[in-house]
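Notes for the one structure printed next.
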Amino acid sequence: MNHFPHPPSPSLLSLAVTYVAEHPILRENALNLAKKLQLNMVEPAEKQKNDLLLIYTEAGLQLQLSGNTKGTLHVDFSSGAMTYRRLHGGGIKQPLAKAVGIKPGKRPFILDATAGLGSDAFLLATLGCRVCMVERSPLLAALLQDGMQRAAADRELQEIMAHRLTLLQGDARILIEGLTERPDTIYMDPMYPHRRKAALNRQEMRIIRSIVGTDEDADELLRTALRHADKRVVVKRPKGAPQIADRAPTHVISMKNSRYDVYMV
């Protein structure tokens, strides 16, 4: 993973790094992350003075609104929900797999240009694809990196983490231009300004929107992706949402509440 640049200021929320309990390793992790992100590190007793907190816990790194555990972001690739999706999500017959070009005996190299919390990228890696995640927000990238490190200790996920899933932090429009290997598929799931993603609750979306906004540069990202994908670009959109950059896709894979716009190149 590349270095973290200066983090953006999430809205007008005050942000700090902290830890729970008297645990020297957690405190050391918090200090190191605060230095990397150039944020304040506060002791647990002082955390209520900040609106948004990156908190090291024994379960891993969490991002939450101060005093509101319901609004917590946490990457756990070993969670029950992720395990169920990995084992019972439909395999290569599910819409996401079809959209990115997975077929029997064919596993494309995929760049996920808007990784977020990494669930789609992880699923594609479990199906046998090499996936490079790109996340613009240093805060979400820190959660992803922490989740990947913990998953690497899970015997069932070690192979995936070691050989199929990587992470870059930065602006995908720039990073795509500098890739040494052309991805077969570039996948995009940009934030949509008028509807929340159904998989996230309202408090979680409040945190994410305060950090990343609404991806107003999605049109430019699509144009960049179309220039650099080897075979296709896939854009996930809510049902009824307009096409990115007013560009008609080659074909569409529709679902109940969303769709995949597929652009063959």
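Observations on the model:
- Taking the fewest neighbouring Cβ atoms within 10 Å as the starting point, the ordered list for 88, 74 is 88, 74.
- Rel. contact order, % - alpha carbon contacts under 8 angstrom, at least six apart, the chain: 17
- For the chain, DSSP calls about 50 percent of its internal beta bridges antiparallel.
- Exposed trypsin sites (Lys or Arg not before Pro) absent - longest run of the chain, DSSP non-H/G/I/E/B, at most 11 other C-beta within 10 Å: 1-154
- Extension reserve of the residue 255-residue 78 stretch, reckoned as 0.36 nm per residue once the Cα distance is removed: 61.1 nm
- With 0.36 nm allotted per residue and the present C-alpha distance subtracted, the residue 230-residue 216 stretch has 2.6 nm of extension available.
- Length gained on full extension, residue 23 to residue 177: 51.2 nm, using 0.36 nm per residue less the C-alpha separation.
- Prolate/oblate/rounded call for the chain, Cα gyration tensor, a/c under 1.5 rounded: prolate
- Listed by number, the DSSP H helices of the chain that run 18 Å or longer by alpha-carbon position along their axis and have mean Kyte hydropathy of at least -0.5 are 24-37, 138-151.
- Taking every DSSP bridge with both residues inside segment 113-265, close to 55 percent are antiparallel.
- Ranked list, fewest to most other Cβ atoms within 10 Å of each Cβ, for 112, 246, 230: 246, 230, 112
- Inter-centroid distance (Cα atoms) of segment 231-246 relative to segment 89-120, Å: 16
- Dipole-positive endmost among 79, 45, 138 within segment 43-166 (Cβ charges, Cα centre): 79
- Footprinting exposure proxy ranking of 41, 188, fewest other C-beta atoms within 10 angstrom first, gives 41, 188.
Read the figures in this text as sums done on the coordinates, not as results from a lab. Since this is a predicted model, take the numbers as computed values, not measurements. Cβ sites come from the backbone with ideal geometry, for glycine too, and all protein chains shown count toward neighbours.
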